[in-house]
Amino acid sequence: MGARRPASFPQASGGYLVGLIGAGISASFTPQLHEVEAAELGLDYEYRILDLIELGRRADDVGALLGEARSRNFSAMNITHPCKQLVVDVVDELDPRAEHLGAVNLVVFEDEKLVGYNTDWVGYRDGLVAGLPGASLERVVQIGCGGAGSATAYALLSSGVTRLDLFDVDEARARDIAERMRPHFPSQVIATVPHHHLEEMITRASGVVHATPMGMLHHPGVAFDVGLLQKGAWVSDVVYRPLETELIRQAVERGHPVLDGGRMAVGQAYASLQIITGREPNRERMEEHFRTLIRQEESSGPPARR
């Protein structure tokens, strides 16, 4: 896919004008997911990429970019790395879940207010329900506690995980998520895992969630030894480019149920489109479109930038 770089900051002319702010996002599938599904719903809808690198802007310019977008009659802006946490202090109002997570990936312009939402967590939750129906939530280990990890942890706990063990190479990040989640899920066990106990925790887990960049095109590898898993334990990966990561491939070969990262990617787009338009998108249609885009990309070779 080529870049969708705007010649200048666009001016809305009617209908819905939506954008995505982030760095290195020129190859994002989000515009196609939104525009194609909106067309199916009979909506006048245009989606623009606002790549910080290509615009020569910094992450802390996100507030100014949102102000410019509002002045040009944008309806909403999706937000991605490295701005999700920065936006929390920019918006006028936060949806409770975004406040709990401390991260925003959607800003909607409502009257004179900027309202921040987080659809990453609900995207993962819905993907978990659809992709792993009946999966045991007794004891889940999560590897990675960055931005994606915060959303998956909240989704797992919202789904009823009895015990969630959090691991990150930066132990402070795991502690931060645990402390953030405990007040909202007081009846569930939320623990952090030191490095020397990770393998033991994996052998006890009913499921393992991988929420780091490992497995992406420029970050090859597997975050843990799949051979440690007990029989029937499931594996989830948030990475979706490639859709079949080495972790997912190894888990499938060993007979474990798996959830690829595509479910979360589609789920957050579905929820964002729903909030922006007030209409009900067709989740299955969006899922099939997304997987078609992935197949096309894989057949033509990977993009220069993910």
task: Go over the candidates I190, I248, I276 one by one and state the one that is aliphatic (A, V, I, L, M) and assigned by the TED database to the domain that holds L94.
output: I276
query: How many residues does the stretch 159-174 hold that are of a type outside the set (A, V, I, L, M, F, W, C) and open to solvent by less than 50 Å² (accessible area, probe 1.4 Å)?
result: 4
message: Condition (residue is over 20 Å from the mean Cα position of the chain (by Cα), within 27 Å of D225 (Cβ to Cβ) and part of a helix (DSSP H, G or I)) applied to the stretch 162-174: is it met by at least one residue?
response: yes
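Please verify whether Y154 is under 26 Å from V62 (Cβ atoms), in contact (Cβ under 8 Å) with a residue 60 or more places away in the chain and hydroxyl-bearing (S, T, Y), treating the condition exactly as stated. Quick ask: steps written out before the conclusion?
Working: under 26 Å from V62 (Cβ atoms): yes; in contact (Cβ under 8 Å) with a residue 60 or more places away in the chain: no; hydroxyl-bearing (S, T, Y): yes.
Answer is no for this residue.
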- prompt: With (1) among the basic types (K, R); (2) more than 30 Å from A76 (Cβ to Cβ); (3) not assigned by the TED database to the domain that holds V208 as the list, and R163 as the residue in question, which single condition is left unmet?
  reply: (3)
query: So which residues in the stretch 129-144 are open to solvent by less than 50 Å² (accessible area, probe 1.4 Å) and either without any contact (Cβ under 8 Å) to a residue 24 or more places away in the chain or under 20 Å from the mean Cα position of the chain (by Cα) (or both)?
result: G131, L132, V140, V141, Q142, I143, G144
statement: Residue count, the stretch 116-126, condition over 19 Å from G22 (Cβ atoms) and of a type in the set (V, I, T), comes to 1
field: Any helices (runs of 4 or more DSSP H) falling wholly within the stretch 19-85 and containing at least 1 residues that are within 16 Å of Q268 (Cβ to Cβ), in the same structural domain as K113 (by the TED database) and of a type outside the set (K, R)
entry: 30-40
- prompt: T152: farther than 18 Å from W121 by Cβ, among the hydroxyl-bearing types (S, T, Y) and part of a helix (DSSP H, G or I), yes or no?
  reply: no
- request: Can you confirm whether the stretch 156-164 contains a residue that is farther than 22 Å from V88 by Cβ and among the hydroxyl-bearing types (S, T, Y)?
  value: yes
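Every residue, every condition in (1) among the hydrophobic types (A, V, I, L, M, F, W, C); (2) surrounded by fewer than 15 Cβ atoms within 10 Å (Cβ to Cβ); (3) at pLDDT below 95, yes or no:
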{"position": "S13", "(1), (2), (3)": "no, yes, yes"}
{"position": "Y16", "(1), (2), (3)": "no, no, no"}
{"position": "D44", "(1), (2), (3)": "no, yes, no"}
{"position": "I79", "(1), (2), (3)": "yes, no, no"}
{"position": "D89", "(1), (2), (3)": "no, yes, no"}
{"position": "D95", "(1), (2), (3)": "no, no, no"}
{"position": "L101", "(1), (2), (3)": "yes, no, yes"}
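The values are calculated or read from the model by the stated rules, or taken from the named source; none is laboratory data. This is a predicted model, so every value here is computed, not measured. Note: ideal-geometry Cβ built from the backbone for every residue, glycine included; neighbour counts use all protein chains shown. Just the protein is used for accessible areas: all its heavy atoms, side chains included, with ligands, DNA and RNA removed. Shrake-Rupley method; radii C 1.70, N 1.55, O 1.52, S 1.80 Å.
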